[in-house]
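Taking it in order: structure first as structure tokens, then the write-up.
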Protein chains: 2
Amino acid sequence: MKLSDSSQALVLHFGEMGSRWGFNRTVGQILALLTIHPEPLNADHLAEALHVSRGNVSMGLKELQAWRLIERQHQPGDRKEYFTPSGSIWDMARIVFEERRKRELDPTLSLLRQQLLSASEDSGADYTQAKMQEIYDLLEQLNTFANSLHDMEPERLKKLMSMGAGVSKVLNFGSKKKSSPSSAS
Amino acid sequence: MKLSDSSQALVLHFGEMGSRWGFNRTVGQILALLTIHPEPLNADHLAEALHVSRGNVSMGLKELQAWRLIERQHQPGDRKEYFTPSGSIWDMARIVFEERRKRELDPTLSLLRQQLLSASEDSGADYTQAKMQEIYDLLEQLNTFANSLHDMEPERLKKLMSMGAGVSKVLNFGSKKKSSPSSAS
DNA sequence: TAGAATTTTCAGAAATTTCTGAAGCTTTAG
DNA sequence: CTAAAGCTTCAGAAATTTCTGAAAATTCTA
């Protein structure tokens, strides 16, 4: 398990970025290596290539399986477990995106909802209540948007993303003068 | 500086979420408190309300100013520095979003660009090169999309977000029947 | 079923991040 | 200019996260 300079660099980089993307160094490195390696790898390969302990690899693989980012395979005539990414790069991005939405928005939405419901009791603290409502509204909108991206079929999503700033133009069609009376439901 | 139960809960929560949003506990708490408090606060207020040291508050304020999330003010007849959020909740969200795009996408794009350019030298490692290209393409598309969101005027952005899944419908206009035969580029 | 191969677990070690508090710096009033 | 008020810095302490490695558990072969 010797990595090319280029692969080595990518793997190390994914380790560093890991924490920003929601996992730890080893998990980032394992994911990177499995992704760019043509063949499935087993835990010993990974431990050797990444210079980390066997136990650490085991924990990392467990976490990546929990995220559904990788899956187990078996090679005929080998008792060891081998791993590969469970989908395309695109699939991975969706999974990470969704997981992060859950971790970064849901808990706060849930807290704010609670706070705002039980607010009627407190009479004062007007300003604070209003701000909390503002934060809630914003996060809920973000959340809805994130969900709608997540639910889109890949093709449509790709199209939307590649339109980039062009989306802005298309949106003018939707608005025109005629504001649909449906509004807030 | 006594906080209501509700404010207290929100501040603590923002402290916990802080690390997921890109800053540490104290920074999260300071931001939350300044946001929901009707009046500007000074460093002593913050240290007392959050039960953290004066030095920690100073560092937190410095960081929030670097992010341009808060700004200094002076109260007439008081030598202390007071702080308030520097914009609306919406403005804050945009700043945090943009800062995270920079931290989470730019470094990887930059590394991959470099790797892919200097790839001609290495002859082998075909699969790996192809995967790196895939990752690069995806991240660049994400990046472009994020930028176009960031550059949109708030009104248009709000409209886009509130359309949610509806965006999908609007996009059909752009595709019609004419399926471009380009496929994988 | 025995036992060898492989994987998982988890207590404590190592590394990293965050926080404190006192020293020192800057600003302002007098 | 002096001194008090206020702010910042940063070395080391505390807290948190990550990693190791040996023991325990599981799986497979014969």
Problem set entry | Relative contact order (%) - criterion: Cα under 8 Å, at least six apart; region: chain A | 13
Seminar exercise, completed: Cα extents of the stretch B:16-142 per principal axis, largest first, Å, are 71, 27, 24
Problem set entry | With Cα atoms, 0 to 90° folded angle of helix A:25-36 axis to chain A main axis | 70
Problem set entry | Accessible area buried at the A-B interface, both sides summed, 1.4 Å probe (Å², nearest 100) | 5200
Exercise. Looking only at other chains, what is the average number of their beta-carbon atoms within 10 angstrom of each beta-carbon in A:1-13?
Worked result: 4
Exercise. Roughly how many Å is it from the Cα centre of the stretch A:99-117 to that of the stretch B:137-158, as a whole number?
Worked result: 24
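Name the trypsin sites (Lys or Arg not before Pro) in the stretch A:1-77 that are in a loop by DSSP and that have at most 16 other C-beta atoms within 10 Å, would you? Before the final figure, lay out the partial values.
Working: sites: A:K2, A:R20, A:R25, A:R54, A:K62, A:R68, A:R72; in loops: A:K2, A:R68.
Passing sites in the stretch A:1-77 are A:K2, A:R68.
Heavy atoms only, probe 1.4 Å: what % of the accessible area of the stretch A:50-115 goes to carbon and sulfur, would you let me know?
On the way: 1800 of 3770 Å².
Taking all protein chains in place, the stretch A:50-115 shows 48 percent carbon and sulfur surface.
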Exercise. On average, how many beta carbons from a partner chain sit within 10 Å of the beta carbon of a residue in A:151-157?
Worked result: 3
Exercise. How big is the accessible area of A:H74 in square angstrom, nearest 10, if you roll a 1.4 angstrom probe over the protein chains?
Worked result: 120
Problem set entry | Area of A:S4 that stays accessible when all protein chains are in place (1.4 Å probe, Å², to 10) | 40
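Can you flag which of A:K102/B:K2; A:K2/B:K102; B:K62/B:K102; A:K62/B:K131; A:K2/A:K62; A:K159/B:K131 are past 26 Å Cα-Cα?
A:K102/B:K2; A:K2/B:K102
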Problem set entry | In sequence order, calculated HN-Hα J values of the stretch B:56-61 (Karplus, 6.51, -1.76, 1.60; Hz; x Gly/Pro) | 4, 4, 4, 5, x, 5
Problem set entry | Helix B:5-21 axis, angle to chain B major axis (alpha carbon atoms, nearest 10°) | 40
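Sorting A:E63, A:E98, B:E153 by accessible area (1.4 Å probe), largest first, what list results? List each step's numbers first, then the result.
Numbers: A:E63 55, A:E98 30, B:E153 95 Å².
These residues rank, largest area first, as B:E153, A:E63, A:E98.
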For this session: Would you tell me the accessible area of B:Y127, worked out with a 1.4 angstrom probe on the heavy atoms of the protein chains, in Å² to the nearest 10?
Result: 90
For this session: With unit charges on the beta carbon (Lys/Arg positive, Asp/Glu negative), name the residue among A:L50, B:P40, A:I89 whose Cα is farthest towards the positive pole of the charge dipole of the protein assembly as shown.
Result: A:I89
Seminar exercise, completed: In degrees rounded to 10, the 0-90 angle between helix B:89-104 Cα long axis and the longest Cα principal axis of chain B is 50
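Taking R0 as 41 Å, what's the FRET efficiency between A:E134 and A:E71 from their Cβ-Cβ distance, rounded to 0.05? Can you show the working numbers first?
Numbers: r = 43 Å, r/R0 = 1.04.
For R0 = 41 Å, the calculated efficiency reads 0.45.
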Exercise. Given only helices, namely DSSP H runs of n ≥ 4 each adding -39500 (n - 2.57), what is the per-residue ellipticity at 222 nm of chain B, to the nearest 500 deg cm²/dmol?
Worked result: -21500 deg cm²/dmol
For this session: Tell me the distances, shortest first, between A:E71 and the same position across the other copies, using label points 7 Å along Cα→Cβ, in nm to one decimal.
Result: 5.4
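Can you put A:K80, B:K159 in order of accessible area, largest first, using a 1.4 Å probe? Walk me through the intermediate numbers first.
Numbers: A:K80 90, B:K159 65 Å².
Heavy-atom accessible area, descending, gives A:K80, B:K159.
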Exercise. Can you give me the Cα centroid spacing of the stretch B:21-96 and the stretch A:19-89 in angstrom?
Worked result: 42
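The values are calculated or read from the model by the stated rules, or taken from the named source; none is laboratory data. Predicted, not measured: the structure shown is a model, and the values here were computed from it. Please note: Cβ atoms are built from the backbone with ideal geometry, for glycine as well, and neighbour counts cover all protein chains shown. Only protein heavy atoms, including side chains, enter the accessible area calculation; ligands, DNA and RNA are left aside. Shrake-Rupley method; radii C 1.70, N 1.55, O 1.52, S 1.80 Å.
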